[in-house]
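Report on the structure given below.
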Amino acid sequence: MDLGLGGRGFLLTGASRGLGFATARALVDDGARVLVSSRSAESVDAAAVALGGAPAATGVAADLADPSAAEELVGAAVDRLGRVDGALISVGGPTPGSVLDVGEDAWRAGVDSVLLGPLRLVRALVPHLGEGAAIGFVLSTSVRQPIGHLAVSNGLRPGLAMTAKALADELGPRGIRVFGLLPGTIATDRITEIEQASGDAAAMRAASEAAIPLRRVGRPEEFGAVAAFALSPAASYVTGTMLAVDGGVTRAL
């Protein structure tokens, strides 16, 4: 299937590895050009090289929690890509813990990274987008049901999802689409690190898979393919919705 991505340019945050990188890979493989970013300059440079380097892929180190990062990222995207047809916005997971145990500082940091950072980026980006552009937010299944020991994510991700829904209403008349992606357990480096930290990685993986209807964790490229489709002209009538990529684990509709 031709997704119509040839020659298009996309900005991806949190994309030096994991789900963002898998999406960048899918976009580049279909003919798009990407600017990838994350907080580590070394990781960003390595990701750009792995994606084939310029002109297909370049990278910029940026932390969306930094108020100046949004304008810098968008400026770099316009300069390097020539045209910006959309963005995939992903930020790192906030501090884990229960509702009563997580301190106020962690909640404030979560608001800065999960809510304000993406919002600043959208505000900086929208003036450069034209009809047919798309903005995707990488969220979590916590949008629809809480995840144990991730109170801050449970509290903030649904708010960002509703913000995305409101943005779809605001930008729809301009032909700009907005959507969210809700990944379940995907075999990224972060998931591997969490499993290893548990003390029994095999047992944790087995428990995760037993709760998933497909009886396996997802592969990053499976998420990347869905994200690339949703960003592409092939999904031109998809907006204002949350797409679960979770193997069926979410129990809500």
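The values are calculated or read from the model by the stated rules, or taken from the named source; none is laboratory data. The model shown is predicted, which means the values in this text are computed figures rather than measured ones. Because the Cβ atoms are built from the backbone with ideal geometry, glycine has one as well, and the counts that use them run over all protein chains shown. Surface areas here come from the heavy atoms of the whole protein model, side chains and all, with no ligands, DNA or RNA. Shrake-Rupley method; radii C 1.70, N 1.55, O 1.52, S 1.80 Å.
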task = Name the strands (runs of 3 or more DSSP E) wholly inside the range 20-98 in which the number of residues that are touching an Asp or Glu at 6+ places or on another chain (Cβ under 6 Å) and either surrounded by fewer than 22 Cβ atoms within 10 Å (Cβ to Cβ) or touching a residue at least 40 places away in the same chain (Cβ under 8 Å) (or both) is 2 or more.
result = none
ask   = Hey, among Ala227, Ala197, Ala235, which residue is among the hydrophobic types (A, V, I, L, M, F, W, C) and either exposed (fewer than 15 other Cβ atoms within 10 Å of the Cβ) or in contact with a Cys (Cβ under 7 Å, 6 or more places away or on another chain) (or both)?
value = Ala197
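For every residue, the table says whether it meets (1) out of contact with any strand residue (DSSP E or B) (no Cβ under 8 Å at 6 or more places or on another chain); (2) crowded, with 16+ Cβ neighbours inside 10 Å.
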{"site": "Leu115", "(1), (2)": "yes, yes"}
{"site": "Pro118", "(1), (2)": "no, yes"}
{"site": "Arg123", "(1), (2)": "yes, no"}
{"site": "Ile135", "(1), (2)": "no, yes"}
{"site": "Ser142", "(1), (2)": "no, yes"}
{"site": "Val152", "(1), (2)": "no, yes"}
{"site": "Arg157", "(1), (2)": "yes, yes"}
{"site": "Leu160", "(1), (2)": "no, yes"}
message = If I ask for residues that are at pLDDT below 95 and either basic (Lys, Arg) or assigned to a helix (DSSP H, G or I) (or both), which ones from the range 2-17 would you list?
response = Arg17
query = Any residue in the range 162-181 that is assigned to a loop (DSSP other than H, G, I, E, B), crowded, with 21+ Cβ neighbours inside 10 Å and either on the phi > 0 side of the Ramachandran plot or hydroxyl-bearing (Ser, Thr, Tyr) (or both)?
reply = no
key: Every pair of residues 6+ apart whose Cβ atoms lie under 7 Å, when the first sits in the range 146-157 and is closer than 16 Å to Glu104 by Cβ while the second is aromatic (Phe, Trp, Tyr) and open to solvent by 20 Å² or more (accessible area, probe 1.4 Å)   = Val152/Trp107
